[in-house]
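Notes to accompany the following structure.
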Amino acid sequence: MPSPDLKKETKAYALQQGVDLIGFVSAEHLNEVTPTRYKPSRLWPEAKTVISIGKRLLMGAVAVGTGEMVQNARWVAWRTNEYLNSRAMEIAHFLERQGARAFPMSNGTMVDPDFTNLGIYGELSHRHVAAEAGLGTIGVPTYIVTPQFGPRIYFNTILTDAELEPDPKLDFDPCGDGCNKCVKACPNGAISRGRKLIKKRLCIPSAMPHGVRVLQEYIRKIMEEKDPEERIKLLEDFDFARLHRATVQGVGTIAGCFHCLAACPIGRNQVT
């Protein structure tokens, strides 16, 4: 049987592992309020509690990511996501050592078997989990804004069949009625007030410049080229090398744009 102090023990363990934020919400509540079909019950009907964990993005990466040398900043973003994946796995193992069952999520872009999510949507909305677990508020650009780090933080999720006390939702309005700094900072005009989702078709070219669609288009370009010498040139092109690096290191396949993150004034000077 899990310990009656399992929530407290799990939180302490997560913070010891390097997680910056952690919150708890009931799976039943999430099933009711999550505005898409990507609900906990779709993944695991027996889940009772959903745990949100967050890791801040390095401010240096945000600063570099708005300049010309963006590639290494994208690598930092990818590694931050990978860091969270590892911590989710560790926390899930901790929960199972305590007698519960646990299921860690990936915060990358797992592809549905029927490809309906196009490889660009997660199997669960980590931002909605974080908001309902009391870690932040979904702001104007539709991502999570936290009091501690603003939007410069990534999240991951663990499901468990242990029934743990949920945290209260945060009473926090980071954007108010007048702040439009992220709207003005977006190079592609993908952010606007009043939308529940960012304009992904405008955001993706900057946020995922080496994602699956770009890879498909480049391969198609090679296949359609009739001249053998031109095909060789395409294989030796810098774009091919960049796409190869993206598949190896994840650079530019997720979390590749930093302009809106840099513009937000919330939590800009707060680090732990």
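Considering the conditions (1) of a type in the set (Ser, Thr, Tyr); (2) under 21 Å from Asp161 (Cβ atoms); (3) under 18 Å from the mean Cα position of the chain (by Cα), Thr36 is excluded by exactly one of them, (2).
Please find, among Leu234, Leu243, the residue that is at pLDDT 85 or above, part of a helix (DSSP H, G or I) and not acidic (Asp, Glu). Before you say what the answer is, go through the steps one by one.
Working: Leu243 fails: at pLDDT 85 or above.
Residue meeting the stated conditions: Leu234.
Across the stretch 244-258, what is the number of residues that are of a type outside the set (Ser, Thr, Tyr) and surrounded by 19 or more Cβ atoms within 10 Å (Cβ to Cβ)?
9
Within the stretch 13-38, the residues that satisfy the criterion of being touching a residue at least 60 places away in the same chain (Cβ under 8 Å), assigned to a loop (DSSP other than H, G, I, E, B) and either touching a Phe, Trp or Tyr at 6+ places or on another chain (Cβ under 6 Å) or under 15 Å from Leu124 (Cβ atoms) (or both) are Thr34, Pro35, Thr36, Tyr38. Say we look at the stretch 149-184 and pick out the residues that are under 21 Å from Met59 (Cα atoms) and in a strand (DSSP E or B); which of these is farthest from the chain's Cα centre (by Cα)? The selected residue is Gly150.
For the stretch 185-204, the candidate set comprises residues that are within 17 Å of the chain's Cα centre (by Cα) and in a helix (DSSP H, G or I); within that set, the residue that is farthest from Val251 (Cα to Cα) is Lys200. Kindly provide the set of residues from the stretch 126-136 that are in contact with a Lys or Arg (Cβ under 9 Å, 6 or more places away or on another chain) and not in a loop (DSSP other than H, G, I, E, B), ordered by number. Result: Ala131, Glu132.
Listed by first and then second residue, the pairs linking a residue in the stretch 72-91 that is more than 17 Å from Arg245 (Cα to Cα) to a residue that is part of a helix (DSSP H, G or I), with Cβ atoms under 6 Å apart and 6 or more places separating them unless they lie on different chains, are Ile91/Ala14.
With respect to Gly252, is the statement that it is touching a strand residue (DSSP E or B) at 6+ places or on another chain (Cβ under 8 Å) and small (Gly, Ala, Ser) true? Walk me through how you get there before you give the answer.
Numbers: touching a strand residue (DSSP E or B) at 6+ places or on another chain (Cβ under 8 Å): no; small (Gly, Ala, Ser): yes.
Judged against the criteria, Gly252 is not a match.
From the list Ala207, Ala190, Ala241, exactly one residue is free of Cβ contacts under 8 Å to residues at least 60 places away in the same chain and surrounded by fewer than 16 Cβ atoms within 10 Å (Cβ to Cβ). Which is it?
Numbers: Ala207 fails: surrounded by fewer than 16 Cβ atoms within 10 Å (Cβ to Cβ); Ala190 fails: surrounded by fewer than 16 Cβ atoms within 10 Å (Cβ to Cβ).
Result: Ala241 is the single residue among Ala207, Ala190, Ala241 that is free of Cβ contacts under 8 Å to residues at least 60 places away in the same chain and surrounded by fewer than 16 Cβ atoms within 10 Å (Cβ to Cβ).
If you go through the stretch 57-75 and keep only what is under 18 Å from Arg268 (Cα atoms) and crowded, with 20+ Cβ neighbours inside 10 Å, you end up with Leu57, Ala61, Val62, Gly65, Ala73.
Tell me whether the stretch 249-259 contains one or more residues that are at pLDDT 85 or above and outside any loop (DSSP other than H, G, I, E, B).
Here is the first cut: in the stretch 249-259, the residues at pLDDT 85 or above are 257-259.
If we keep only those that are outside any loop (DSSP other than H, G, I, E, B) as well, we get 259.
Looking for residues that are at pLDDT 85 or above and outside any loop (DSSP other than H, G, I, E, B), one finds at least one in the stretch 249-259, hence yes.
For the stretch 146-194, the tally of residues that are of a type in the set (Gly, Ala, Ser) and under 30 Å from Glu46 (Cα atoms) stands at 1.
With respect to the conditions (1) closer than 16 Å to Pro151 by Cβ; (2) out of contact with any strand residue (DSSP E or B) (no Cβ under 8 Å at 6 or more places or on another chain), Leu170 falls short on a single one, namely (2).
With respect to being in contact with a Cys (Cβ under 9 Å, 6 or more places away or on another chain) and either modelled with pLDDT under 85 or not in a loop (DSSP other than H, G, I, E, B) (or both), Pro113 falls outside the description.
The values are calculated or read from the model by the stated rules, or taken from the named source; none is laboratory data. Predicted model, so just to flag it, every value in this text is computed and none were measured. Quick reminder, even Gly has a Cβ in these numbers, built from the backbone with ideal geometry, and neighbours come from all protein chains shown.
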